[in-house]
Every structure is written in structure tokens, then in C-alpha cells.
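Working notes, beginning with the structure itself.
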Amino acid sequence: MLLAISVAYPVLFQLVLLLCCNMQVGDRQALVQARQAAQERRQEAQRRQYKAQGSYAVVVDNAATARRSLNDPKYHQIHARYRKQLIELKTTEMAAADLDKYHKALERALLAFHTGKMADINKIVKELWQKTYRGQDIDNIQIKADAEGTARSYNYRVVMVSGGVELDMRGRCSAGQKVLACLIIRLALAETFCLNCGILALDEPTTNLDAENSASLADALRAVMATRQEQDNFQLIVITHDEHFAHMIGTRQHAEYLWRITKDDQQHSHIAQEEILE
């Protein structure tokens, strides 16, 4: 029997001899365990083989599907079309980056413009207040711009300066002081932003002003007219019931006539031209 095995299967015969040398003859339990281990390894190898075959089949099928898809008309000249789209994308990204730089530069320019204009307005407001206001309790007034967190968003408020201390005017000033502050701020805004705008209109500017402050306001308006006298299109329109105030600003140096508007018994309005009294 062993001779036949050695002739037909020399390698197997050598393996059997090796096993017989390493174990006692008749050690059946060890042979059975060795046989089971070999079978398990064979089964594991078969499983890996089947798995690899299945994966290979999937890859082959996917490759075939991809080849069929590439033959679809929508993929015609796909490389050239991809290059064109890539160029458009990069160009758009560069343009967006340039716009972002422009936006930031514009923000900085607007901030500088706002800061400069606020300084100009407050300078004029201070000068007009000190020339016009006759009281001793307020040295000057200023406009404050408090940033609200977002870009170019401000909360504006008017403060009064007294003895170097700034206080909000809201709730702390009289009606006359409030009216005077409004007029002065409007004049400052007109002086700062409306140099090419020739019309300045004031409706009842002396409301709640006493005689002394009314006279000071008239002086300030005459100063404005003197400053703008070289401007061809400048025109000051004052609507008031205070005839004394009208005559204080309506001198022959700055105007030719006064116009009086009245109503008759039928509530019809009439406009009459009057000479300016010296």
C-alpha cells in the first residue's frame, strides 16, 4: 500500500512519512485535527477566490457601462467643453475676488468720506451756534454718529457741550433751543452738501425763539447770504409771521421786495409785493 502511494504520489508519500515521524503510529486524533485545519484553509481560500471573481465581474460590468456612457452624445468633445467650463469658473472666481477688493476699498472710502463730512458739519454747527445762541448754559452742540454694528449703519444724535461735558439734548433742552438747533443743523447740512443747490427754504424759523435769539438767527442768515452772494442761483425763502424778523433779514443789501400773503373774508389767498423798508 505504501509502495503504491510512493510511486503514484511521491509528494503525498513524503508528507505521510513526515507525519508518521512526528507522531506516534495510530495517533488518529492528531490526524483528524490536521485534516480539519487543512479543509478550513481550503474553504477560506475558495471563499476568497469566489469573492475576487465576483469583484472582477462587477469591475468588468462597470467598465462596459462606462464605455457605453462615453459613447453617449452628451459626452461628445467632453474634454474641450470641460476646459471651457473650467476657464469660465476661474474667470468668475477672479472677477468675484476683484469685486470683493473693490467693495472693501469702497467701504473704506465711504467711511473716510463720512468721517470727513461729519467733521465739516460739526465745525459749521459749532460756529453757527456760538454766533447765534445768546445763552450761557450751552457752549456748543455737536452731531454724534454711533455705529450700530453693521457697515455704514449709524445712529445719529445731537449732544450739547457745557463746561467740557457732553449731554444728549433730547429731554434736556427748551423748545427754543431745540428749534434753534434744528435750524443750525439744517444750515450746516446745506452748507456742506448743497453748494450747488441754490434754494434754502425755512418755514417759521422763529417759532419758540425769544427776541434775542431771533435777532441772532437773522444775523446768521445774513451771514449765509453774504457767503453765497457770488452764487448765481442762490435763493433764500423764509416763511414767517414775524414781520420784525422778516425785515431784519430782508434788507436791500440782499433782497428787492417782500411778499405778503393774506386771506380775505372768503378765505381766498392774496399775494402782494411790498417795498423793503430801510
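Measuring r between the beta carbons of C182 and T262 and using R0 = 25 Å, the FRET efficiency lands at 0.35.
Cα convex hull, the range 137-209: 121 Å³ per residue, rounded to a whole number.
About its Cα centre, the chain has a charge dipole of approximately 3520 debye under the convention of +1 per Lys or Arg Cβ and -1 per Asp or Glu Cβ, with nothing else charged.
For the range 233-238, the Karplus equation 6.51 cos²θ - 1.76 cosθ + 1.60, evaluated at θ = phi - 60°, returns couplings of 9, 6, 8, 9, 10, 10 Hz by residue, with Gly and Pro reported as x.
Of interest is the spacing of the C-alpha centroids, which for the range 125-139 and the range 207-278 amounts to 22 Å.
Counting charges near A215 (Lys, Arg +1; Asp, Glu -1) among other residues having Cβ under 13 Å from its Cβ returns a value of -1. Solvent-accessible area assigned to carbon and sulfur over the chain amounts to 56 percent, based on a 1.4 Å probe.
All other residues whose Cβ lies under 15 angstrom from that of I87 are scored, Lys and Arg at +1 and Asp and Glu at -1, for a net of +2.
Between E204 and D27, the distance separating the two model label sites (each 7 Å from Cα on the Cα→Cβ line) works out to 12.4 nm. The distance between label points at T65 and E88 comes to 2.9 nm (points 7 Å beyond Cα on the Cα→Cβ vector).
Once the Cβ-Cβ distance of R170 and I237 is raised to the sixth power relative to R0 = 22 Å, the FRET efficiency obtained is 0.15. For the range 177-278, the spread of Cα positions along the three principal axes, ordered from largest to smallest, is 44, 33, 26 Å. When the Gaussian network model of the chain links Cα atoms closer than 10 Å, the mean-square fluctuations of M225, M94, M160 top out at M94. The long axis of helix 175-193 is offset from the longest Cα principal axis of the chain by roughly 70 degrees.
I need to check one value: relative contact order of the range 217-278, counting alpha carbon pairs closer than 8 Å and at least 6 residues apart, in percent. For the range 217-278, the relative contact order is 27 percent. Straight-line cross-link partners of K84 among the lysines, defined as a Cα under 29 Å from its Cα and at least 8 positions apart when in the same chain: K74, K101. Between V59, V161, V179, where does the largest GNM mean-square fluctuation fall for the chain, given springs only between Cα atoms within less than 10 Å? In the Gaussian network model the winner is V59.
Temperature 37 °C, viscosity 0.692 mPa s: under these conditions the Stokes-Einstein estimate for the chain, based on its Kirkwood radius over C-alpha pairs, is 112 µm² per second. Between C194 and K101, what is the FRET efficiency for a Förster distance of 25 Å, r being their Cβ-Cβ separation, to the nearest 0.05? Using R0 = 25 Å, I get an efficiency of 0.15. When all protein chains stay in place and ligands, DNA and RNA are ignored, the 1.4 Å accessible-area order of E256, E191, largest first, is E256, E191. If one takes the longest principal axis of the Cα atoms in the chain, at what angle in degrees, from 0 to 90 and to the nearest 10, does the Cα axis of helix 10-22 lie? The two axes meet at around 90 degrees. Between W259, T227, T240, the Cα set farthest toward the positive side of the dipole of the range 225-278 (charges on each charged residue's Cβ, about the Cα centre) is that of T227. Among K84, K104, K178, the largest mean-square fluctuation in a Gaussian network model of the chain, built with springs joining Cα atoms closer than 10 Å, belongs to K84. Give me the angle, in degrees from 0 to 90, between the Cα long axis of helix 211-227 and the longest principal axis of the Cα atoms of the chain, rounded to the nearest 10. For 211-227 against the chain, the angle is about 70 degrees. A 1.4 Å probe run over the chain, with the rest of the protein chains in place, finds 75 Å² accessible per residue.
The values are calculated or read from the model by the stated rules, or taken from the named source; none is laboratory data. Nothing here was measured: the structure is a model prediction, and the numbers come from that model. Here Cβ is always computed from backbone atoms with ideal geometry, including for glycine, and neighbour counts include all displayed protein chains. Keep in mind that these areas ignore ligands, DNA and RNA; they rest on the heavy atoms of the full protein, side chains included. Shrake-Rupley method; radii C 1.70, N 1.55, O 1.52, S 1.80 Å.
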